[in-house]
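Below is one structure, written out as structure tokens; the observations come after it.
The values are calculated or read from the model by the stated rules, or taken from the named source; none is laboratory data. What you see is a predicted model, and the numbers here were worked out from it, not measured in a lab. Note that we place each Cβ from the backbone using ideal geometry, even for glycine, and neighbour counts take in every protein chain shown.
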Amino acid sequence: MDIKYDASVVPYDHAKAVAQGCQTYEETTTLKQEAMALYKAARQFKRPKAEHKYHMVHHVYARIRSGEMLAKIEKAEGGRPRKTGSSTEPVLSTYADLNVDKKDAFIDQSLAKIPEAIFDDRVANTDEITIKKCMAWAKEFKQKADLNLDDCSLFQMDIQKYPALEAGSVDIIITDPPYPRPDLYETLAQCGQHVLKDGGSLLAMATQKILYEIHASMSKYLEYQWTIAYLTPGGQSAWMPHVEYNVNTFWKPVLWFVKGKYSGRHIGDVVKSAVNDNQKALHFWGQSVSGFLSLVDRFTTSGDMVLDPFLGGGTTAFCALKLGCKFQGFDIDEKYVFQTLEYLNQWGYKDDA
Ligand SMILES: C[S@@+](CC[C@H](N)C(=O)[O-])C[C@H]1O[C@@H](n2cnc3c(N)ncnc32)[C@H](O)[C@@H]1O
């Protein structure tokens, strides 16, 4: 197997091809071991970070190939591989025959279940690949494998066209507008006044610097209710006015407005995302799935209609659907609408009935 470091090839394409070329479980094991040895050597000899990644990517793709093979063994009758011994059917080996380490098998099969396009995308866009990181992705995707897309509507639109939306049809707007555009927050509030049901909430993520400006403009159309502190451990603010003001920021305000009077349940006003968890694979400004799951969960009940008029990479869409809500979302940029559609289709389904 040729996995000598070569900076001129795109490591993930090459690594995937090498791994997919393995025909037996033993070959995947050899590839895994070789790549891991080279990865360790690259670290020991303080080689460039790109070289570490090159070897680790070979290792994880070999794990995926191994996971695909092991899944077939597990699926055999009675939880044991079927041994036919006939001359036409290959004899499947058992875990014992193959000397499979159970922990390794668990990791390999978990990685093999991550949707391929998403895994490729993340590998390409992540500077440092580790097994721990890949396992965190696997856990995330395992949780996602059940989105009902029947009540999900995505389209391209400028928020200025909000009167086209059905009046009084939305339970809650949860969104993350472009921070450098305070004017859009005012339009957002107008949109909220139009589409929200009476008593419906609008949650708008913001940045501290423009808080008073957007508070004043949004209050013209909706009742200000509260500000939620959205904690971003590790420091995740994407727009950087805090740098100019000598501030290290570890939270973002989420402004909460209501159409009329709020009469829902009591809400805790601190939400926390996991450390450095932002969903950057599909959108430069992508928010954290863990943080948004917690935010959406706090404010919705299954079946609610959630709207995000600044869809971006679809974090709100995913979280709302995951929590059993209906979802409408749009973005001025068609590219993000298609990306979100693709993203959701990876683990969504539609009821044919
Ligand atoms: C901060 S991003 C949203 C990121 C998203 N929350 C995520 O997690 O991926 C803001 C989005 O608003 C969109 N946008 C900007 N102006 C808009 C407008 N006038 N109408 C609708 N969408 C707009 C941008 O294209 C961008 O995708």
Of the residues in the stretch 289-318, those that are crowded, with 24+ Cβ neighbours inside 10 Å and assigned to a strand (DSSP E or B) come to V306, L307, D308
Problem set entry | Residue within the stretch 327-336 that is away from the ligand (no atom under 16 Å from the Cβ), modelled with pLDDT of 90 or more and among the basic types (K, R) present | no
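Look at D171 and say whether it is assigned to a strand (DSSP E or B), among the acidic types (D, E), more than 27 Å from the chain's Cα centre (by Cα) and more than 18 Å from D331 (Cα to Cα).
No: the conditions fail for D171.
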- Message: Considering only the stretch 170-178, I want to know if a residue exists there that is over 30 Å from I114 (Cα atoms), surrounded by 14 or more Cβ atoms within 10 Å (Cβ to Cβ) and hydroxyl-bearing (S, T, Y).
- Response: no
H194 fails exactly one of (1) away from the ligand (no atom under 14 Å from the Cβ); (2) in contact (Cβ under 8 Å) with a residue 40 or more places away in the chain; (3) not acidic (D, E), namely (2)
Pairing a residue in the stretch 257-274 that is more than 24 Å from Y185 (Cβ to Cβ) with any residue that is surrounded by 10 or more Cβ atoms within 10 Å (Cβ to Cβ) and acidic (D, E), where Cβ atoms lie under 9 Å and the two sit 6 or more apart in sequence or on different chains, gives none
Reported set for the stretch 132-161 where residues are out of contact with any Pro (no Cβ under 6 Å at 6 or more places or on another chain), closer than 27 Å to G260 by Cα and near the ligand (Cβ under 9 Å from one of its atoms) is M157, D158, Q160, K161
By residue number, the members of the stretch 128-142 that are within 20 Å of K32 (Cα to Cα) and either of a type outside the set (G, A, S) or modelled with pLDDT under 85 (or both) are E128, I129, T130, I131, K132, K133, C134, M135, W137
